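Sharing a structure here in structure tokens format.
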Amino acid sequence: MKKLLETIDSPADLRRLAPEDLGRLAPEIRAYILEVVSKNGGHLSANLGVVELTLALHYAFDTPRDKIIWDVGHQSYTHKILTGRRERFRGLRQAGGILGFPAREESEHDAYNTGHASTALAAALGLAVARDKKGETHRIIAVVGDGSLTGGVAWEALNEIGHLREKVIIVLNDNEMSISPSVGALSKYLGYLASGQHYLRAKDRAKTLLKSLPVFGWPIIRAGRAVEELVKKTFFPGLVFEELGFRYVGPVQGHSLPSLLEVFEDAKKYEDGPLFIHCVTRKGQGYAPAQTSPDHFHGASPFDVHTGEPASPGGKPSYSAVFGETMIQVAKEDPRVIAISAAMCEGTGLLAFARELPGRFFDVGIAEQCAVTFAAGLAVGGFKPVCAIYSTFLQRAYDQIYHDVCLQNLPVVFALDRSGIVPDDGPTHQGLNDIAYLRHMPNIVLMAPRDENEMRHMLKAAVGCGRPAAIRFPKGEAAGVPADPDFKDVPVGKSEPLKDGRDLVFAYGAMVYPALQAARALEAEGLSLAVVDAKFAKPLDEEALLRYAREGRAVITVEEGVVAGGFGSAVRELLDSRGFFGLRFKAIGLPLEVYPVGKVAEVRRRFRLDAEGLAVQFREFLR
């Protein structure tokens, strides 16, 4: 028998169904998402939680004429399946396939590209003002999670939307989670608003019963709505969103299609300014392992659908796991060490730290700017904070790093997880710019380990250096190097020679081992290359570099980051400042472009940053 989902190639097809058929479609979509994500990996929990919500949105609104903006975007799988990408969805997060986030280049149904949190409301406001200035009448709907609502830019947008009274529909997807469980006063407030879940279920059952009464049902329902508004104002006085100028509706049972459709139909008729619809959903809905461990299945690797266990358990620890273990060790040796996360406790490897040293761990929510300035305050107060934030997310706190930490020369350590090429997540999650955006900061030390053992020593050194410091390390499995029993000294600004040779390959971080393999492979061709683990992008090991420059050797730098303003640029600037203008020099790294979705090995191969590609580049340059 043909599945109902196989008949849906667009929201127009969806809207031809009877409302009661949507209930048949929801489990088919969940099964399809599970099938694909279990093979490809992806954001599972959030997507399982918004199936009914997405169906109701596309059924009630005239998309793509009406615009839906998905905040963050890792809950957009159902949206993609319903908007002409059902078959392409099998290539989710694969090279040549579709992205796991909304992308305007993929479909007219993707109104705005998103990948970082808290952006949808400001974007929706811009689209609404543009609509009004052009005299258009379509609707703008922003779907934002409770975790994303902790971001400062979301509240800045709420403030402006309420001020301008723009006709924007905000749908709050409240599942009490971001990547990790939502934290903070706002989370408690939303929990207070959503606490009447038993009441909501009872209300839905009563409404169904009343609708079956041919004469008296609807008058009672309409009277009940008036009573409900009175109750809401009595028990939830001064609702924050009402005070900001929004018409607040909710909380709504986010897995009840009749409730959602009714609310969205009413929303279409509301013309008096912005509307805030509070929907309560459950992350991982319909799949027991994801419901039990929604944070574990936030960004899942391939897994067995029946058990929820990883399809191929890795034999090596991840860099994040080693970082977390080392943090516990460092913190136990120094009571002034404090760990800070921005809604990514598990992702950064700090879950064990939070459990073992709860009084010294702080999760500020999706608020990277707050995390950095909070760390600065702790440092002024005599502590040694370590901010563990993904490289691509730390970009959001650029001014705080400069203004609050580096100008004051405060001992804050930034642990930049997911630096370099990041697999599967596409352009918004690539950690390729941190060398460039941190290198010009005053007072900061920048370091990158070649393996997890070196990272342990660097973390210890960073905490003890007494000034701002950043350590970049990649996502995924580490090199499998055994850990030294004790911490070793890592002198700031000193490199480490790994192979002798005539010309110099100065390699940084994750590129050290591929560069070493390439140099060894070229020995058979008579090319003599010394390989040095630079360790530091700032300060550079001037003595090591200038020794080769004075002898007229060629210098090659290798980095897994953009060359423009990066590590190679730093070396070139140093050589120029010392008068070595004619020195043969080549900076190898990544160009300035939007990076495709794919595995690390695939992207490295494409840009000739694997051992084979580096050997080709070394050979071309030297010959």
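Go over the candidates 300, 331, 342 one by one and state the one that is under 21 Å from the mean Cα position of the chain (by Cα), assigned by TED's automatic domain parsing to the domain that holds residue 466 and not polar (S, T, N, Q).
Criteria check complete, one pass: 342.
May I pose another question? If you go through the range 342-398, how many residues are more than 21 Å from residue 410 (Cα to Cα) and without any contact (Cβ under 8 Å) to a residue 24 or more places away in the chain?
4
In addition: Among residues belonging to the range 518-538 that are within 32 Å of the chain's Cα centre (by Cα) and of a type outside the set (D, E, K, R), point out the one that is farthest from residue 468 (Cα to Cα).
It comes out as 534.
Identify all residues within the range 571-590 that are among the charged types (D, E, K, R) and either more than 21 Å from residue 432 (Cβ to Cβ) or surrounded by fewer than 17 Cβ atoms within 10 Å (Cβ to Cβ) (or both); write none if there are none.
573, 576, 578, 584
Is it the case that residue 159 is of a type outside the set (Phe, Trp, Tyr) and closer than 30 Å to residue 291 by Cβ?
No, not satisfied.
With the checklist (1) more than 28 Å from residue 455 (Cβ to Cβ); (2) surrounded by 14 or more Cβ atoms within 10 Å (Cβ to Cβ); (3) acidic (Asp, Glu) in hand, flag the one item residue 525 doesn't pass.
Unmet condition: (2).
Would it be correct to say that residue 301 is within 22 Å of residue 474 (Cβ to Cβ) and out of contact with any Ser or Thr (no Cβ under 6 Å at 6 or more places or on another chain)?
yes
For the list (1) in contact with a Ser or Thr (Cβ under 7 Å, 6 or more places away or on another chain); (2) surrounded by 21 or more Cβ atoms within 10 Å (Cβ to Cβ); (3) in a loop (DSSP other than H, G, I, E, B), I need the number of the one condition that residue 295 fails.
Single failed check for residue 295: (2).
Sticking with this one: Scan the range 361-376 for residues that are in a helix (DSSP H, G or I) and either hydroxyl-bearing (Ser, Thr, Tyr) or under 17 Å from residue 327 (Cα atoms) (or both) and jot them down.
373, 375
Would you point out which residue out of 542, 560 is surrounded by fewer than 19 Cβ atoms within 10 Å (Cβ to Cβ) and assigned by TED's automatic domain parsing to the domain that holds residue 525?
542
Could you check how many residues of the range 497-515 are surrounded by 15 or more Cβ atoms within 10 Å (Cβ to Cβ) and either more than 24 Å from residue 321 (Cα to Cα) or among the charged types (D, E, K, R) (or both)?
Summing the residues that are surrounded by 15 or more Cβ atoms within 10 Å (Cβ to Cβ) and either more than 24 Å from residue 321 (Cα to Cα) or among the charged types (D, E, K, R) (or both) in the range 497-515 gives 9.
Let me ask something else. Could you list, ordered by first residue, the pairs with Cβ atoms under 9 Å in which the first is in the range 599-623 and closer than 22 Å to residue 475 by Cβ and the second is among the β-branched types (Val, Ile, Thr) and part of a helix (DSSP H, G or I), at least 6 apart or interchain?
Listed by first residue and then by second, the contacts come to 608/616; 609/603.
Please verify whether residue 593 is out of contact with any Cys (no Cβ under 7 Å at 6 or more places or on another chain), within 19 Å of residue 536 (Cα to Cα) and either loosely packed, with under 14 Cβ neighbours inside 10 Å or in the same structural domain as residue 440 (by TED's automatic domain parsing) (or both), treating the condition exactly as stated.
no
While we're looking at this one, here's another question. Any chance you could count how many residues in the range 302-355 are of a type outside the set (D, E, K, R), at pLDDT 85 or above and part of a loop (DSSP other than H, G, I, E, B)?
Result for the range 302-355: 10.
For the range 115-169, name all the residues that are among the hydrophobic types (A, V, I, L, M, F, W, C), within 20 Å of residue 264 (Cβ to Cβ) and outside any helix (DSSP H, G or I).
Within the range 115-169, 140, 141, 142, 143, 144, 168, 169 qualify.
Run residue 567 past the list (1) more than 26 Å from residue 500 (Cα to Cα); (2) modelled with pLDDT of 90 or more and report the number of the one that doesn't hold.
Checking residue 567 against (1) more than 26 Å from residue 500 (Cα to Cα); (2) modelled with pLDDT of 90 or more, the one that fails is (1).
Then there is this: Just to verify a result, which residue in the range 268-296, among those that are among the hydrophobic types (A, V, I, L, M, F, W, C) and out of contact with any Lys or Arg (no Cβ under 8 Å at 6 or more places or on another chain), is modelled with the lowest pLDDT?
Filtering the range 268-296 for residues that are among the hydrophobic types (A, V, I, L, M, F, W, C) and out of contact with any Lys or Arg (no Cβ under 8 Å at 6 or more places or on another chain), the one modelled with the lowest pLDDT comes out as 288.
Same structure again: If you take the residues of the range 264-290 that are touching a residue at least 40 places away in the same chain (Cβ under 8 Å) and in a helix (DSSP H, G or I), which of them is farthest from residue 168 (Cα to Cα)?
Result: 290.
Could you tell me how many of the residues in the range 1-18 are in a loop (DSSP other than H, G, I, E, B), surrounded by fewer than 15 Cβ atoms within 10 Å (Cβ to Cβ) and either in contact with an Asp or Glu (Cβ under 8 Å, 6 or more places away or on another chain) or among the β-branched types (Val, Ile, Thr) (or both)?
Residues in the range 1-18 being in a loop (DSSP other than H, G, I, E, B), surrounded by fewer than 15 Cβ atoms within 10 Å (Cβ to Cβ) and either in contact with an Asp or Glu (Cβ under 8 Å, 6 or more places away or on another chain) or among the β-branched types (Val, Ile, Thr) (or both): 1 in total.
Per-residue answers, yes or no, for (1) in the same structural domain as residue 426 (by TED's automatic domain parsing); (2) in contact (Cβ under 8 Å) with a residue 24 or more places away in the chain; (3) buried (at least 24 other Cβ atoms within 10 Å of the Cβ):
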residue: 120; (1), (2), (3): no, yes, yes
residue: 125; (1), (2), (3): no, yes, no
residue: 134; (1), (2), (3): no, no, no
residue: 142; (1), (2), (3): no, yes, yes
residue: 147; (1), (2), (3): no, yes, yes
residue: 150; (1), (2), (3): no, yes, yes
residue: 161; (1), (2), (3): no, yes, yes
residue: 166; (1), (2), (3): no, yes, no
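Among the residues of the range 329-343, how many are surrounded by fewer than 24 Cβ atoms within 10 Å (Cβ to Cβ) and either out of contact with any Leu (no Cβ under 7 Å at 6 or more places or on another chain) or more than 20 Å from residue 464 (Cα to Cα) (or both)?
Here the count works out to 7.
If I ask for residues that are at positive phi and surrounded by fewer than 18 Cβ atoms within 10 Å (Cβ to Cβ), which ones from the range 85-118 would you list?
Across the range 85-118, the qualifying residue is only 96.
If a residue has to be at positive phi and either in contact (Cβ under 8 Å) with a residue 60 or more places away in the chain or not assigned by TED's automatic domain parsing to the domain that holds residue 557 (or both) to count, how many in the range 494-527 make the cut?
1
Assess whether residue 571 counts as being touching a Ser or Thr at 6+ places or on another chain (Cβ under 7 Å) and of a type in the set (Val, Ile, Thr).
yes
Now, a different point. Does any residue in the range 242-255 that is in contact (Cβ under 8 Å) with a residue 60 or more places away in the chain come within less than 8 Å, Cβ to Cβ, of a residue that is of a type in the set (Val, Ile, Thr) and assigned to a strand (DSSP E or B) six or more places away or on a different chain, and which pairs are these?
That search, which allows pairs on different chains as well, returns 246/170; 250/277; 250/280; 251/280; 254/280.
Moving on. Considering only residues that are charged (D, E, K, R) and in contact with a strand residue (DSSP E or B) (Cβ under 8 Å, 6 or more places away or on another chain), look in the range 48-71 and name the one that is surrounded by the fewest Cβ atoms within 10 Å (Cβ to Cβ).
In this case the residue turns out to be 66.
The values are calculated or read from the model by the stated rules, or taken from the named source; none is laboratory data. The structure presented is a predicted model; accordingly, all values stated were derived computationally and were not measured. Neighbour counts are summed over all protein chains in view; Cβ atoms, including those assigned to glycine, are modelled from backbone coordinates with ideal geometry.
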